[in-house]
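The values are calculated or read from the model by the stated rules, or taken from the named source; none is laboratory data. Predicted model, so just to flag it, every value in this text is computed and none were measured. Here Cβ is always computed from backbone atoms with ideal geometry, including for glycine, and neighbour counts include all displayed protein chains.
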Amino acid sequence: VDRARGDVLFNGEALPAQLSRRTPEQYRQIQIVFQNADTALNPSHSIADILGRPLAFYHHLRGAAAKKRMLALLDLVKLPASIAARTPAGLSGGQKQRVNLARALAADPALILCDEVTSALDTVVGAAILDLLAELRRELGVSYMFISHDISTVRAICDEVIVLYAGQRVEAGQRDVLAAPPYHPYTELLVDSVPELRPGWLDARRHVAACALPAMGESAEVPELCSFRSRCPVRIDGRCNMTPPSLKKLPSGAEILCHHSAAELSRLQTLETIPA
């Protein structure tokens with residue numbers, strides 16, 4: 001299936017839109033760790049077989065050489081060698097996700113796509129996976145593209161942040177852009193959804209942006225309109241539903257796609273945090 005629009009660049013070169021036209025080397029350099037470890041691992045294969053497959057495919061390793069590398073991979077993700085003889089059914093959720101990560105590392109990639117890799121895990125196990133990812137990045141120099149709705153995990157692992165809504169890039173910048181407002185209204189919703197350990201936080205949460213608002217009359221001939229407009233609590237009727245937003249730079253260095261200026265967003269978001 002061809003992508004809908006745009007280009008994907010890797011090391012400055014465009015990747016073919018059709019997966020069948022990509023080279024084995026391009027596949028090797030870009031690996032993925034899936035969200036659900038249970039469905040990502042073949043339940044009928046041992047962990048040794050699961051890790052042996054990419055070693056054979058990408059590096060032509062078999063026999064003693066493959067076993068040595070497989071044990072090294074288990075050690076990298078902090079799993080004991082005895083895990084190799086088990087099937088996925090005999091592992092915990094965190095162990096399965098570590099096996100998924102080891103399988104991605106087996107290819108010796110430059111980039112690993114991490115698709116909501118902690119969302120199916122409890123908080124403590126998820127935090128341990130994040131610590132492991134950070135350690136591996138320091139040791140191996142591997143890069144991650146980390147996909148998540150959880151801003152707290154994004155803050156923990158990412159250097160650069162891109163916020164998407166309905167496939168449209170609404171904000172982008174360094175990790176520091178999440179430290180304090182102003183944000184794009186959708187980024188504000190994500191930040192505001194992170195639980196806080198203080199009395200009254202749950203009662204004080206803002207629900208306006210979380211609920212769909214009545215549809216506005218708008219021009220169907222303008223596909224570039226803001227994708228968040230129907231849910232935005234600070235939308236400007238007559239502008240947001242008629243005119244594409246412009247790209248603006250905030251004092252934090254972030255770029256946002258919004259009709260509001262940085263000063264307007266800061267004022268509006270400050271007002272929202274003042275108790276009624």
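Some notes on this structure:
- Looking across the stretch 248-266 at every residue that is surrounded by fewer than 13 Cβ atoms within 10 Å (Cβ to Cβ) and not in a loop (DSSP other than H, G, I, E, B), the one that is modelled with the highest pLDDT is identified as Lys249.
- Tally, over the stretch 162-192, of residues that are without any contact (Cβ under 8 Å) to a residue 24 or more places away in the chain and closer than 21 Å to Gln35 by Cα: 2
- A single member of Leu73, Leu105 is in a helix (DSSP H, G or I), surrounded by 16 or more Cβ atoms within 10 Å (Cβ to Cβ) and touching a strand residue (DSSP E or B) at 6+ places or on another chain (Cβ under 9 Å), and it is Leu105.
- Lone qualifier among Leu19, Leu73, Leu15, Leu101 - being in the same structural domain as Ala134 (by TED's automatic domain parsing), farther than 19 Å from Tyr144 by Cβ and of a type outside the set (Asp, Glu): Leu19
- Single residue of the stretch 38-58 satisfying the filter (within 25 Å of Ser119 (Cα to Cα) and either charged (D, E, K, R) or not in a loop (DSSP other than H, G, I, E, B) (or both)) that is modelled with the lowest pLDDT: Asp38
- Residue in the stretch 91-102 that is in a loop (DSSP other than H, G, I, E, B), among the aliphatic types (A, V, I, L, M), in contact with a helix residue (DSSP H, G or I) (Cβ under 9 Å, 6 or more places away or on another chain) and under 25 Å from Gly126 (Cβ atoms) present: yes
- Residue check, Leu15 within 24 Å of Ser119 (Cβ to Cβ) and either without any contact (Cβ under 8 Å) to a residue 40 or more places away in the chain or of a type in the set (Gly, Ala, Ser) (or both): no
- Every listed requirement among (1) crowded, with 17+ Cβ neighbours inside 10 Å; (2) free of Cβ contacts under 8 Å to residues at least 12 places away in the same chain; (3) in a helix (DSSP H, G or I) is met by Leu61 save one, (3).
- Failed criterion for Met242 (all others in (1) touching a helix residue (DSSP H, G or I) at 6+ places or on another chain (Cβ under 7 Å); (2) at pLDDT 85 or above hold): (1)
- Scanning the stretch 134-151 for residues that are touching a residue at least 40 places away in the same chain (Cβ under 8 Å) and crowded, with 17+ Cβ neighbours inside 10 Å yields a count of 2.
- Filter result for Gln35 (in a loop (DSSP other than H, G, I, E, B), at pLDDT below 95, surrounded by 14 or more Cβ atoms within 10 Å (Cβ to Cβ) and assigned by TED's automatic domain parsing to the domain that holds Gly90): yes
- Condition met for Glu116 (in contact (Cβ under 8 Å) with a residue 40 or more places away in the chain and in the same structural domain as Cys226 (by TED's automatic domain parsing)): no
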